[in-house]
Amino acid sequence: MAWTSKNVDKDFDRDVRALLVDTDEDGNLPIVQLGEPVLRMETELYDGQLSHKTLLKLIEVMHKTMLAAPGVGLAGPQIGLGLAIAVVEDHIRGDEEDPRGIDELPFMAIINPHYEPLNDETASFYEGCLSFDGYQAVRKRYLHIKATWLDELGNEHEQELHNWPARIFQHETDHLSGEVYIDKAETRSLTTYDNLEDYWAFEAVPREAAETLGFEL
């Protein structure tokens, strides 16, 4: 599937180009925070509504904004855009034996993404969101998924993702259906970044947090 110019919506393309110049002095977009309606809306599937130049610029600015935040994923609604597109990227950090399974996830734009669990195996870890800044909570997610998406050229991709890369893909894809991670998190685990660092960051699997704060893993 390749995007064709016949599907370009000129008015929408103009609006997106206007959004992309509304950046701070470093060229980053503001990130929408919880309470903004766009975070709770089903996004529109991408079908070539933007010119290729605008699409590439959108991906570039989203990538830059994500890295500056800093984060490992950023979805369209998080910049106020109700379009089914996100960017993701992560790299191994510290201990390769980390039980969360943090692994290389090369930068990519994921357009119209979808995932299905490969089995029922799940894990619960702290995660955060750039649109719920300053907090993290424990969220159960599938460990192994089949991910599908389109790239910026309209090429179809299908890949099995595991552990932390699978979590990132699920998190960003959920944004595109109006879901934020806290919706299904263990709310008793909710913590500020400072308290996470002071009390719970020493343990990747949050067993002590679960016992002390009173939630189930």
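Quick look at the numbers
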{"read-out": "Scope region 171-217; condition outside any loop (DSSP other than H, G, I, E, B), touching a residue at least 40 places away in the same chain (Cβ under 8 Å) and among the polar types (S, T, N, Q); matching residues", "value": "Thr173, Thr187, Ser189, Thr191, Thr192"}
{"read-out": "Considering residues of region 159-178 that are touching a His at 6+ places or on another chain (Cβ under 9 Å) and surrounded by fewer than 23 Cβ atoms within 10 Å (Cβ to Cβ) only, the residue farthest from Asp103 (Cα to Cα)", "value": "Glu160"}
{"read-out": "Qualifying position, being touching a Gly at 6+ places or on another chain (Cβ under 7 Å) and touching a residue at least 12 places away in the same chain (Cβ under 8 Å), among Gln136, Gln159", "value": "Gln136"}
{"read-out": "Enumeration of residues in region 157-195 that are under 26 Å from Glu211 (Cβ atoms) and of a type in the set (Val, Ile, Thr)", "value": "Ile182, Thr187, Thr191, Thr192"}
{"read-out": "Tally of residues being at pLDDT below 95 and either surrounded by 13 or more Cβ atoms within 10 Å (Cβ to Cβ) or at positive phi (or both) across region 24-43", "value": "1"}
{"read-out": "Pair list, Cβ < 7 Å and 6+ apart or interchain, from region 43-65 residues that are under 15 Å from Ile110 (Cα atoms) to residues that are part of a loop (DSSP other than H, G, I, E, B) and charged (D, E, K, R)", "value": "Leu55/Glu152; Leu56/Glu152; Ile59/Glu152"}
{"read-out": "Flag if Leu39 is assigned to a loop (DSSP other than H, G, I, E, B) and within 26 Å of Phe132 (Cβ to Cβ)", "value": "no"}
{"read-out": "Residue check for Trp200: within 19 Å of Glu104 (Cβ to Cβ), at pLDDT 95 or above and aromatic (Phe, Trp, Tyr)", "value": "no"}
{"read-out": "Hey, Gly48 assigned to a loop (DSSP other than H, G, I, E, B) and exposed (fewer than 14 other Cβ atoms within 10 Å of the Cβ) or not", "value": "no"}
{"read-out": "Hits in region 79-119 (condition: touching a Leu at 6+ places or on another chain (Cβ under 8 Å) and of a type in the set (Asp, Glu))", "value": "Glu89, Asp90"}
{"read-out": "So Met66, is it at pLDDT 95 or above, surrounded by 16 or more Cβ atoms within 10 Å (Cβ to Cβ) and out of contact with any helix residue (DSSP H, G or I) (no Cβ under 7 Å at 6 or more places or on another chain)", "value": "yes"}
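The values are calculated or read from the model by the stated rules, or taken from the named source; none is laboratory data. Not measured: the values here are computed from a predicted model. Backbone-built Cβ (ideal geometry, glycine too); neighbour counts: all protein chains shown.
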